[in-house]
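A quick write-up on the structure given underneath.
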Amino acid sequence: FESNSRSIALNARLVETDTQLLSVLCKCLREGSLDLSGYERAIDQVEELYRGPLLPGDETAEVVAQRKRYQDRLLEALLTSGMSLRKRGETALALRYFRFAFDNEPTREDICYQLMLSLLKLGRHGEALIEFFVCRRSLIDQFGIEGTSKLRELYETILADASEQA
């Protein structure tokens, strides 16, 4: 706090908020220049910082819109990073990114698709099929739709692969 003869105020330059930290993390993730340990630290920090929607409490239109922008930035950074990690062959770490994103927004088919694909690549067919149904149920409950054919096709691929493995 800073004070003068008329007031006391919070010096914003000396305060670190969860929204600021999350914004910095998202920027680092979008740049894609982290090494493997950097990606591990980043997802650890995201999991620690983001425990539900930011800016809780006030439900004004401005706060709700700002909260949505933060969530969208985070989800896009997680999706981009997860895809980059999987391309590098780091599917298990990519899975953490997709899992966290999907747990926070189960109606995002693009995230569900990447989560299911990662689980398939890891041979975890049952889990991948469960995530399909979680996403499908969320889409039906929230929007009254079942989802796209792309997600359904991946579901069919996973079923076929699981049958071949059995």
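Among the residues of region 44-58, what is the count of those that are in a loop (DSSP other than H, G, I, E, B) and open to solvent by 70 Å² or more (accessible area, probe 1.4 Å)?
The initial filter retains those residues of region 44-58 that are in a loop (DSSP other than H, G, I, E, B), namely 50-58.
This time we only want the ones that are open to solvent by 70 Å² or more (accessible area, probe 1.4 Å), so: 51, 53, 56, 58.
The total comes to 4.
Are any residues in region 59-81 modelled with pLDDT of 95 or more and open to solvent by 40 Å² or more (accessible area, probe 1.4 Å), and if so, which ones?
GLU76, THR80
Have a look at LEU120, LEU75 and point out the one that is aliphatic (A, V, I, L, M) and over 23 Å from ILE145 (Cβ atoms).
Working: LEU75 fails: over 23 Å from ILE145 (Cβ atoms).
From the options LEU120, LEU75, the qualifying one is LEU120.
Criterion first (of a type outside the set (S, T, N, Q), out of contact with any Cys (no Cβ under 6 Å at 6 or more places or on another chain) and within 19 Å of ALA166 (Cα to Cα)) does LYS121 satisfy it?
For LYS121, the condition - of a type outside the set (S, T, N, Q), out of contact with any Cys (no Cβ under 6 Å at 6 or more places or on another chain) and within 19 Å of ALA166 (Cα to Cα) - is met.
If GLU146 passes every condition in (1) under 22 Å from THR80 (Cα atoms); (2) more than 17 Å from the chain's Cα centre (by Cα); (3) open to solvent by 20 Å² or more (accessible area, probe 1.4 Å) but one, which one does it miss?
(1)
Can you name the residue in region 96-119 that is crowded, with 24+ Cβ neighbours inside 10 Å and in contact (Cβ under 8 Å) with a residue 40 or more places away in the chain and is also farthest from the chain's Cα centre (by Cα) among such residues?
MET116
Give me the residue from region 32-43 that is under 11 Å from SER84 (Cα atoms) and under 16 Å from the mean Cα position of the chain (by Cα) and, out of that set, most open to solvent (accessible area, probe 1.4 Å).
Restricting to residues being under 11 Å from SER84 (Cα atoms) and under 16 Å from the mean Cα position of the chain (by Cα), the top hit is GLY32.
Can you find even one residue in region 150-166 that is within 23 Å of PRO53 (Cβ to Cβ) and either loosely packed, with under 15 Cβ neighbours inside 10 Å or not polar (S, T, N, Q) (or both)? So that I can check it myself, show each step before the final result.
Start the filter on region 150-166 by keeping residues that are within 23 Å of PRO53 (Cβ to Cβ), which leaves none.
So far as region 150-166 goes, no, none of its residues is within 23 Å of PRO53 (Cβ to Cβ) and either loosely packed, with under 15 Cβ neighbours inside 10 Å or not polar (S, T, N, Q) (or both).
Taking the condition of being surrounded by fewer than 21 Cβ atoms within 10 Å (Cβ to Cβ) and either assigned to a helix (DSSP H, G or I) or hydroxyl-bearing (Ser, Thr, Tyr) (or both), how many residues in region 82-95 meet it? Break it down stepwise before answering.
Here is the first cut: in region 82-95, the ones surrounded by fewer than 21 Cβ atoms within 10 Å (Cβ to Cβ) are 83-84, 86-93.
Okay, now just the ones that are also either assigned to a helix (DSSP H, G or I) or hydroxyl-bearing (Ser, Thr, Tyr) (or both), so 83-84, 86-87, 91-93.
Residues in region 82-95 being surrounded by fewer than 21 Cβ atoms within 10 Å (Cβ to Cβ) and either assigned to a helix (DSSP H, G or I) or hydroxyl-bearing (Ser, Thr, Tyr) (or both): 7 in total.
The values are calculated or read from the model by the stated rules, or taken from the named source; none is laboratory data. Computed from a predicted structure; not experimentally measured. Methodologically, a virtual Cβ is constructed for each residue, glycine included, from the backbone with ideal geometry; neighbour enumeration extends over all protein chains shown. Just the protein is used for accessible areas: all its heavy atoms, side chains included, with ligands, DNA and RNA removed. Shrake-Rupley method; radii C 1.70, N 1.55, O 1.52, S 1.80 Å.
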